[in-house]
Amino acid sequence: MGVELKKTVVLVGMMGSGKTAVGTAVARHLGVPFVDQDDEIEAAANRTIAEIFRDHGEAFFREKETQVLGRLLDGPPCILSTGGGAFMSERNRDLIRDRGVSVWLNAELNLLWARVRYRNTRPLLQTDNPYQTLKTLYDLRCPIYAGAQLHVMSRSNYSIEDMATTVVKTLSQHPEILKVSQNVRD
């Protein structure tokens with residue numbers, strides 16, 4: 001069985017939804033590149049996202065985020081993981097819809113909290129009440145994420161491989177995104 005990824009698959013969702021881990025596994029399954037948008041932004045700026053935010057502010061960061069997203073969507077089809085806030089921009093949603101396909105990795109709040117609560121690598125959660133901050137972001141962002149073209153639900157009992165298999169199965173139901181060919185021999 002051969003597969004051909006016809007469009008870049010842009011994974012969107014909350015921090016902790018598995019965009020990087022699941023995206024890496026999906027790319028491996030399909031034999032295509034995996035690209036992390038945040039890594040690309042850092043490479044282009046030659047600084048960390050935290051440094052960009054600190055030195056130039058969020059508006060500057062969001063502009064660079066959109067520029068990098070456009071460049072990546074113009075490249076060969078890949079699995080692209082975005083930062084949690086990237087899909088909040090209508091401009092970014094339009095770029096993704098026009099040049100790729102958005103896939104929401106939808107995870108319930110308690111599952112997200114279980115995944116991120118002991119990590120200090122989430123700048124947005126460096127608050128007095130990180131759970132409440134996460135809940136506020138969740139309540140604000142989920143209605144926007146719901147506008148993604150495809151949805152895949154995370155389950156607490158799913159491994160990364162289970163999620164990757166589910167994403168691939170979802171993509172394979174859309175031949176304009178993922179063409180699956182059966183090699184039949186006589």
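Classified by the C-alpha gyration tensor, segment 129-181 has an oblate form. Its axis ratio a/c, with a ≥ b ≥ c, is 1.5 or above, and a/b does not exceed b/c. Bridges between two residues of the chain, per DSSP, are antiparallel at a rate of about 20%. In straight-distance terms, cross-link reach from LYS135 covers every one of the lysines whose alpha-carbon lies under 20 Å from its own, apart from those fewer than eight places away in the same chain; here that gives LYS19. Could I have the simple spin-label model distance between ALA43 and TYR118, label points 7 Å from Cα toward Cβ, reported in nm to one decimal? Placing both labels 7 Å beyond Cα along the Cβ direction yields 3.2 nm.
Computed from backbone phi, the HN-Hα couplings of segment 24-33 come to 4, 5, 4, 4, 5, 4, 8, x, 10, x Hz, rounded to whole numbers (Karplus: 6.51 cos²θ - 1.76 cosθ + 1.60, θ = phi - 60°; Gly and Pro given as x).
Along segment 78-88 the Karplus relation, 6.51 cos²θ - 1.76 cosθ + 1.60 evaluated at θ = phi - 60°, assigns HN-Hα couplings of 8, 9, 10, 9, 9, x, x, x, 4, 6, 5 Hz to successive residues, with x for each Gly and Pro.
Using only side-chain charges placed at the Cβ, +1 for Lys and Arg and -1 for Asp and Glu, the dipole size of segment 87-176 relative to its Cα centre rounds to 200 debye. Between ILE160 and ASP98, the FRET efficiency estimated from the beta carbon spacing at R0 = 30 angstrom works out to 0.50. A Cβ-based charge dipole, computed about the Cα centre of segment 28-84 with Lys and Arg at +1 and Asp and Glu at -1, lands at about 120 debye.
Quick note: the coordinates plus some simple rules give every number you see, no bench work behind them. These figures come from a predicted structure and were not determined experimentally. Virtual Cβ from ideal backbone geometry, glycine too; neighbours counted across all protein chains shown.
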